[in-house]
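The block underneath contains the structure these notes are about, expressed in structure tokens.
None of the figures in this text is laboratory data; all of them are computed from the coordinates on show. Since we're looking at a predicted model, the values are computed, not measured. All Cβ positions, even for glycine, are placed from backbone atoms using ideal geometry, and neighbour counts span all protein chains on display.
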Amino acid sequence: MRGVDGDGVDVPAAGAGDEAAAAGDFGVRPGEVTVDLPATPDAGLYFIGRIRTPWTRRADCPKNAHEAMARQEVCTVEIDPAFRPALAGLEGTTHLWLLYFMDKAPRNLVVQTPRRYGTGRGTFALRSPARPNPIALSAVKLLGIDGGTLTVIGADCLDGTPLLDIKPYFASTDCHPDATVGWHRDRDAEAPPAPG
């Protein structure tokens, strides 16, 4: 796998062996920039379970939790036995944050060119799964709990994605209706009006 730096020069992608295998169908697009990752990670994590979804290919997966909610696909979250006691107290909760590890995403992209937008953006300005630490989060609707299995709507990840954490969603503190992403706001402002 190779990338193109900001000046249009062809460069090898960082960790071309293992990273290429993990990248799957991501690939490096023109204008994207990759970096060499540190030789060793700074911390370790425990996967506490797996998220089971209908999607096995990135192309079929919802692009975000909003699209996943609109599809109304029921998914399950399987909690490993050692961590099931941590579910105590979730009864009656309607929504959760799921934090998960996008294990199929490349980790060396620092500038990305999303297919929908066609302009390079820094990884930290995007919600792409490709990032140095591919941790994702989704606010999901909790439909039920049966032992160590949660039934939810709103997951937007591939089947078998490792689960890192679960947190209750508090509408009083987790909702920020006035939040803005500058480049996205500016892009919408520049769009021509819809014919009508």
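In loop segments of the stretch 67-163 as defined by DSSP, the trypsin sites (Lys or Arg not before Pro) with at most 16 further C-beta atoms inside 10 Å of their C-beta are ARG115, ARG116, ARG127. The value of relative contact order for the stretch 43-171, using C-alpha pairs under 8 Å at least six residues apart, is 43 percent. With Cβ to Cβ distances under 12 Å as the rule, what net charge do the other residues near ARG50 carry (K, R +1; D, E -1)? Every neighbour counted, the sum reads -3.
For the stretch 43-171, the Kirkwood hydrodynamic radius from C-alpha pairs, put into Stokes-Einstein at 25 °C and a viscosity of 0.890 mPa s, yields a diffusion coefficient of 160 µm² per second. Mind listing which GluC sites (Glu not before Pro) in the stretch 24-117 are in a DSSP loop and have 13 or fewer other Cβ atoms within 10 Å? Taking the stretch 24-117 and a limit of 13 other Cβ atoms within 10 Å, the loop GluC sites (Glu not before Pro) found are GLU91. Phi-derived couplings, Karplus 6.51 cos²θ - 1.76 cosθ + 1.60 at θ = phi - 60°, listed residue by residue for the stretch 126-136: 10, 9, 4, x, 7, 6, x, 10, x, 9, 10 Hz, with x used for Gly and Pro. Ordering VAL140, VAL28 from the fewest to the most neighbouring beta carbons within 10 Å gives VAL28, VAL140.
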